[in-house]
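K.L.:
For reference, the structure I am asking about is given below.
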Amino acid sequence: MTAPTITGTPQVGQTLTASIGDIQPPVAYQWNRAGTPISGATSAADVGNIITVTVVTVSPPTAAVIDIIPTNSAVPTILGIAQQGQTLTASHGAWTHNPTRYFYQWANTSVVFVRQLYNMLQLGRVIAQGAALRDESRGAHYKPDFPERDDKNWLKTTKATFAPDADEPRFEFEPVDVSLIPPRPRRYDAVK
């Protein structure tokens, strides 16, 4: 395949012409200055930039695009008694554009929640214990015995790891780098 070419002198006031190479007509042209689309005329803005042309074949138009994506017109339902030993079946409801196949995915969201409950409790435990270890108030963690933020001792990230053998989170505190943005006091009791 022969690529399109540009002929002419790349100079302000001169005409550049594009050949279409092996591309079959009809074609469309798009002139570009440093990769950005421009109109076809050269100008002072072109100085110091590379000019390229994109040539593409233009196909005949298609028929008008139609909507064939099915939409639900009657809600799918579950039939049967939700009881151990009983069979549940699904009705696919009604859909526009007559789909030829339906896919079902049964889910018991209560079981999913229960399976994650232990993890949620462990995460809550880590948050509460991590906050209790800090003798200060910071952000959403407020301790009445330590109502002020203590950057001198607690400008640190609380990191927790869980060791299954100990069934207990282990905490470490990592200093925060404030060399680029120094901390500033935040007042939650003052109105701006």
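Per-residue answers, yes or no, for (1) exposed (fewer than 10 other Cβ atoms within 10 Å of the Cβ); (2) in the same structural domain as Pro10 (by TED's automatic domain parsing):
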site: Gly35; (1), (2): yes, yes
site: Ser43; (1), (2): no, yes
site: Gly48; (1), (2): yes, yes
site: Ser73; (1), (2): yes, no
site: Ile78; (1), (2): no, no
site: Leu88; (1), (2): no, no
site: Arg101; (1), (2): yes, no
site: Val114; (1), (2): no, no
site: Gln122; (1), (2): no, no
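One line per residue, one yes/no per condition, for (1) closer than 30 Å to Glu174 by Cβ; (2) within 33 Å of the chain's Cα centre (by Cα); (3) of a type outside the set (S, T, N, Q):
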{"site": "Thr62", "(1), (2), (3)": "no, no, no"}
{"site": "Thr71", "(1), (2), (3)": "no, yes, no"}
{"site": "Pro99", "(1), (2), (3)": "no, yes, yes"}
{"site": "Thr109", "(1), (2), (3)": "no, yes, no"}
{"site": "Leu123", "(1), (2), (3)": "yes, yes, yes"}
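K.L.:
Can you name the residue in the stretch 125-138 that is over 34 Å from the mean Cα position of the chain (by Cα) and exposed (fewer than 15 other Cβ atoms within 10 Å of the Cβ) and is also nearest to Arg187 (Cα to Cα) among such residues?
P.N.:
By that ranking, first place goes to Asp135.
K.L.:
Within the stretch 4-18, can you find the residues that are in contact with a Phe, Trp or Tyr (Cβ under 9 Å, 6 or more places away or on another chain) and not in a strand (DSSP E or B)?
P.N.:
Pro4, Leu16
K.L.:
Could you go through the stretch 139-155 and let me know if any residue there is touching a residue at least 24 places away in the same chain (Cβ under 8 Å), within 30 Å of Val75 (Cβ to Cβ) and surrounded by 13 or more Cβ atoms within 10 Å (Cβ to Cβ).
P.N.:
Among the residues of the stretch 139-155, not one is touching a residue at least 24 places away in the same chain (Cβ under 8 Å), within 30 Å of Val75 (Cβ to Cβ) and surrounded by 13 or more Cβ atoms within 10 Å (Cβ to Cβ), which makes the answer no.
K.L.:
Taking Arg184, is it of a type in the set (Lys, Arg), in a loop (DSSP other than H, G, I, E, B), in the same structural domain as Gly124 (by TED's automatic domain parsing) and over 24 Å from Gln122 (Cα atoms)?
P.N.:
No, not satisfied.
K.L.:
Let me ask another. Run down Ala160, Ala190, Ala166 and say which single residue is surrounded by 10 or more Cβ atoms within 10 Å (Cβ to Cβ) and either part of a loop (DSSP other than H, G, I, E, B) or at pLDDT 85 or above (or both).
P.N.:
Answer to the selection: Ala160.
K.L.:
Does Thr54 fit the bill of being assigned to a strand (DSSP E or B) and modelled with pLDDT of 90 or more?
P.N.:
Here the answer is no, as Thr54 does not meet what is asked.
The values are calculated or read from the model by the stated rules, or taken from the named source; none is laboratory data. In this text the structure is predicted, and so the values were computed from the model without any measurement. Every residue, glycine as well, gets a Cβ built from its backbone with ideal geometry; the counts of neighbours run over all protein chains shown.
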